[in-house]
Amino acid sequence: MIKSLVDFIGNPDNVGKLKKIGYLMLVATFLSDFFVHREHAIDFWDKIPGWGAFYGFVSCVVIILVSKFIGHQGGVMKREDYYDD
Amino acid sequence: MIDWFHPSILFILGAFLIPFLRGKVQQVYLMMIPALAIVSVAFMSQGTFWSYSFAGTPLVFGAVDKLSIVFGWVFTIAALIGIVYALHVKDSGQHMAAFLYIGGSLGVTFAGDYLTLFVFWELMAFASVFLVFAKREKKAIEAGFRYILVHVFGGVCLLGGIMLHYVHTHSLTVGPMPNDGSLAFYLMLIGVMVNAAVPPLHAWLTDAYPEGTVTGSVFMSAYTTKTAVYVLVRVFPGTDLLVWLGTIMALYGVVYAVLENDCRRLLAYHIISQVGYMVAGVGIGTELSLNGSVSHAFAHILYKGLLFMGAGAVIEMTGKRKLTELGGLYKTMPITLVLYMIGGFAISAFPLFSGFVTKSMVIAGASQDHKPIVALLLLMASAGTFLHTGLKLPYYMFFAKDSGIRAKEPPLNMLIAMGMAAFMCIAIGVFPGALYRLLPYAVHFNPYSGEHVTSSLGILMFTGLGFFMLLKKLDPEPTISVDTDWVYRKGSRVFMWIVNKPFAIYENYLSNIYNTWFTRFTLFFSNFLAKIFDVRFIDGFVNGVADFFMNLAQTIRVSGSGLVRNYAFTMLLGSVIILTYLIFC
C-alpha cells in the first residue's frame, strides 16, 4: 500500500493529476479559513480570513529570496574545499 | 523498597559491561538498560533524594519535580529508540560513549546542586565527542576536536559562573537566578548558551553533527541542546535577552538551511531553528510559554531523532550525503521515505502531528505576552521549517532527478526504531493530553481550535505552493556555507599568518639587533675574559699557588732524606735550642 502510494507520487506521468490534487487542497484550505470562529484571536491579523495562506506564501518567498541573496551576494556560500588547505 | 533510583546509574555503570558481551546477548542487554530506565522514571515520585555532604557543601543527585520528570521521560524514551536504531553496530565503543552521554544528560536533569550538574555536563561533552571520533575519518576527527574545544570553553564559562555565584550567595542549589547583571549570571548563561547552540555560539553543532556516525548523530541530536534547554527553563526563566536570541535562532537556522547541500547539516540547522522556539519560550517566561518550551523539547527530540534516522538510513545505504548526489530513491526506499515524512510533518507542525500541539504553545505564549512581532517571526520560521525539512530535503533526496542509485531499505532494526519514533510523533499529535499532563504547569490550552487548524494549514499549504513555484531557485548547489566557526577555522589561519608574517619580520629585526650589538659585545667581552683575565689572573693565581707549594715541597724534600742520623741530628739540634731557651730566658 505504502509502496504503491509512493510510486504514484513519484511517477512523472502523474504530475498532472498531482497538480490538480494540490490545487484542490490549496482552494479547500483557503476557503475553510472563512468558516471558523475566531474567538481566540489576539492580534488583528488573526481575525482576517485567509491570513495564514497569505502569510505562509509570503514567508516562503521571502525566506528563499533573502537566503539566496545572503548566500550568493553576502559571500556565505563557498567552494566545498574552502577549509581544506 | 528503595524510594528512588537514579537512571544515570543504569547507563553509566551499565556502559562498562558492554565490551564484555557479544552478539545477541549484547543486543538484549543494550535494549534492557533503557527499558529499565524508562521503568525507573515511570515509578518516580517527587522529592529530594540521594544528597550527600562533600567538603561542607551538599551534593544532591536526585532533585525530582515535574520538570525533571518530563525530561527524564523523553531522555529515556529517546535512549531506547536510539539504541534500537544502533543495534546492528558492532563497535562496542560507540555504544559505551552513547550510554555515558545519556547518563550525563540524565545526571544533569536530576542534579540538585550546580557542582553535580557541572560534572555530568562535562561527562556529556567528553562522551559525545567519541560518537564523532568513531567515524574514524580525518574530517570527523578534526570536527570532533573543534567540538570538544568549544564545549570546554562553554564548560569553563559555566564553572566560572558557578564559582562566582557561590562566592556571592554561598549556595549551590540549582534554581531560578535573578538577572542581577552580575558576571556570575552572564558567565553561567554563556556556558548554557553554548550547549543550547545560540548564535553566535552555535557553530559546533552544524560542524560536528553531520560528521558523526550514522547512529551517533541520532543520539547527539537529542541530548546536548535539549539538556541545555532544561537548564535554561530551570535557571533562566523570564530572561528578556533570550526572547530575541531565540527568535533570531529560529530564523538563522532556516536561512542557512536554504543554502545547505549536506542532508544532515541541513537538519542540524533546523535543530538550531527549533531550539530557537524553546529559547524564546524560556525568555518570555510565562507558564504557557515555559510549558511550550518543555513540550516542544519533548516533541522535538522524537521528530528530530526520526529525521536524523531517516537521513542516516539514506547515508548508510547509499554512502552519499549531499543532495546534489542523491535523488530518485523513492523507488527502492519507500518505507524510509514515509517514516521520514512523518518526522517532516511533525517538525512542520501539521495538525495531528506532535509539532502542532507544542510549537503553537510557544507562539501563543508570545502573542498573549503582547509580543506580536516575535509571534510573527516565529510563524515565519515555521513556514521555513516545512519548506526545508518537509519539502526540499525529501524532494531532492527521494524524488527530483534520478541519481541512478538503487539502494535497498535499511536493516530491520533501523526501520523499527524509526517506526517507534513515528508512532510517538503521531500519538502526541492525536492525544496531546498525555503530554500536557506531564508539563510543569497546568495547561489551559487547546491546539485544536478551528481557527488554529485552518490558519496553520493555510501557512503550510501555501508554503508548499511557494516551494513549487520557486523550485528552480532551490536546486541544491555543491557549496558549503561559512558560519561563525570561520573564526576558529579560518581565523586561526589569520592568527598563524600574523605570527608568520608581521611577527616573524619583527622578530627577525629584533634578533638582528641582538646579534649586532648584544652578541658581539658579549663575544668581545668573553674573549677578553678568556684570553687575558682567565690566563693572567685566574690561571695565574691558581698556577702561582701551585708553584709556591711545589717550591716549598722541593725545599722540604731536602730535609726529608730518609736517613735516621739526619733526623737524630735535627732532633738533637732542636733539643739544644729548647734547653738553651729554657735556661737563659
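The values are calculated or read from the model by the stated rules, or taken from the named source; none is laboratory data. What you see is a predicted model; the values in this text were computed from it and never measured. So basically every Cβ, Gly included, is an ideal-geometry build from the backbone, and we count neighbours across all protein chains shown. With ligands, DNA and RNA removed, areas are computed over all heavy atoms of the protein, side chains included. Shrake-Rupley method; radii C 1.70, N 1.55, O 1.52, S 1.80 Å.
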task = Give just the number: which of (1) surrounded by fewer than 14 Cβ atoms within 10 Å (Cβ to Cβ); (2) at pLDDT 85 or above does A:Ala53 not satisfy?
result = (1)
remark   = Matching residues in the stretch B:315-349 (part of a loop (DSSP other than H, G, I, E, B), more than 15 Å from B:Gly305 (Cα to Cα) and of a type outside the set (A, V, I, L, M, F, W, C)) number 6
query = Across the stretch B:257-289, which residue is nearest to B:Gly365 (Cα to Cα) among those that are open to solvent by 10 Å² or more (accessible area, probe 1.4 Å) and not charged (D, E, K, R)?
reply = B:Leu288
request  = Go through the stretch B:320-372 and count every residue that is in contact with a Cys (Cβ under 7 Å, 6 or more places away or on another chain) and within 23 Å of B:Val279 (Cβ to Cβ).
outcome  = 4
request  = Output the residue which, of all residues in the stretch B:445-457 that are outside any helix (DSSP H, G or I) and not aromatic (Phe, Trp, Tyr), is farthest from the other protein chains (Cβ to nearest Cβ).
outcome  = B:Pro447
message = Given (1) surrounded by 13 or more Cβ atoms within 10 Å (Cβ to Cβ); (2) of a type in the set (Gly, Ala, Ser); (3) under 21 Å from the mean Cα position of the chain (by Cα), identify the lone condition not met by A:Ala41.
response = (3)
note = By residue number, the members of the stretch A:1-32 that are within 22 Å of B:Ile459 (Cβ to Cβ), more than 7 Å from chain B (Cβ to nearest Cβ) and open to solvent by less than 70 Å² (accessible area, probe 1.4 Å) are A:Leu18, A:Gly22, A:Ala28
query = Can you tell me which of A:Gly75, A:Gly71, A:Gly16, A:Gly22 is outside any helix (DSSP H, G or I), farther than 30 Å from B:Asp369 by Cα and not basic (Lys, Arg)?
reply = A:Gly75
ask   = Within the bounds of the stretch B:38-46, is there any residue that is without any contact (Cβ under 8 Å) to a residue 24 or more places away in the chain and farther than 23 Å from B:Ile428 by Cα?
value = yes
message = Give me the residue from the stretch B:335-362 that is of a type outside the set (A, V, I, L, M) and open to solvent by 10 Å² or more (accessible area, probe 1.4 Å) and, out of that set, farthest from B:Leu391 (Cα to Cα).
response = B:Ser360
key: Residue that is without any contact (Cβ under 8 Å) to a residue 60 or more places away in the chain and either out of contact with any strand residue (DSSP E or B) (no Cβ under 9 Å at 6 or more places or on another chain) or under 30 Å from A:Ile64 (Cα atoms) (or both), where the choices are B:Thr225, B:Thr247   = B:Thr225
ask   = Has the stretch B:363-385 got at least one residue that is touching a Pro at 6+ places or on another chain (Cβ under 9 Å), surrounded by 24 or more Cβ atoms within 10 Å (Cβ to Cβ) and within 12 Å of another protein chain (Cβ to nearest Cβ)?
value = yes
query = How many residues does the stretch A:40-50 contain that are more than 8 Å from every other protein chain (Cβ to nearest Cβ), free of Cβ contacts under 8 Å to residues at least 12 places away in the same chain and not in a helix (DSSP H, G or I)?
reply = 1
Residue check, A:Ile64 buried (at least 17 other Cβ atoms within 10 Å of the Cβ) and β-branched (Val, Ile, Thr) = yes
request  = Please specify each residue of the stretch B:386-409 satisfying the condition of being in a loop (DSSP other than H, G, I, E, B) and either open to solvent by less than 10 Å² (accessible area, probe 1.4 Å) or under 30 Å from A:Tyr55 (Cβ atoms) (or both).
outcome  = B:Phe399, B:Ala400, B:Ala407
message = List the helices (runs of 4 or more DSSP H) inside the stretch B:79-198, counting only whole elements, that have at least 3 residues being under 26 Å from B:Ile69 (Cβ atoms) and of a type in the set (Phe, Trp, Tyr).
response = B:92-110, B:114-133
inquiry  = Could you check the stretch B:435-463 and list, in sequence order, the residues that are among the small types (Gly, Ala, Ser) and open to solvent by less than 10 Å² (accessible area, probe 1.4 Å)?
reply    = B:Gly458
note = Per the list (1) crowded, with 23+ Cβ neighbours inside 10 Å; (2) touching a helix residue (DSSP H, G or I) at 6+ places or on another chain (Cβ under 7 Å); (3) in contact (Cβ under 8 Å) with a residue 40 or more places away in the chain, residue check on B:Met193 breaks on (2)
remark   = By residue number, the members of the stretch B:458-479 that are part of a helix (DSSP H, G or I), within 7 Å of chain A (Cβ to nearest Cβ) and within 26 Å of B:Glu260 (Cα to Cα) are B:Ile459, B:Leu460, B:Met461, B:Phe462, B:Thr463, B:Leu465, B:Gly466, B:Phe467, B:Lys473, B:Leu474
message = Checking the conditions here, which among B:Leu352, B:Leu307 is over 30 Å from B:Gly238 (Cβ atoms) and outside any helix (DSSP H, G or I)?
response = B:Leu352
remark   = Of (1) at pLDDT 90 or above; (2) in a helix (DSSP H, G or I); (3) of a type outside the set (Asp, Glu), B:Ala442 fails just (2)
key: Selected residue (criterion: farthest from the other protein chains (Cβ to nearest Cβ)) from residues of the stretch B:410-434 that are part of a loop (DSSP other than H, G, I, E, B) and either open to solvent by less than 50 Å² (accessible area, probe 1.4 Å) or within 21 Å of B:Val214 (Cα to Cα) (or both)   = B:Pro411
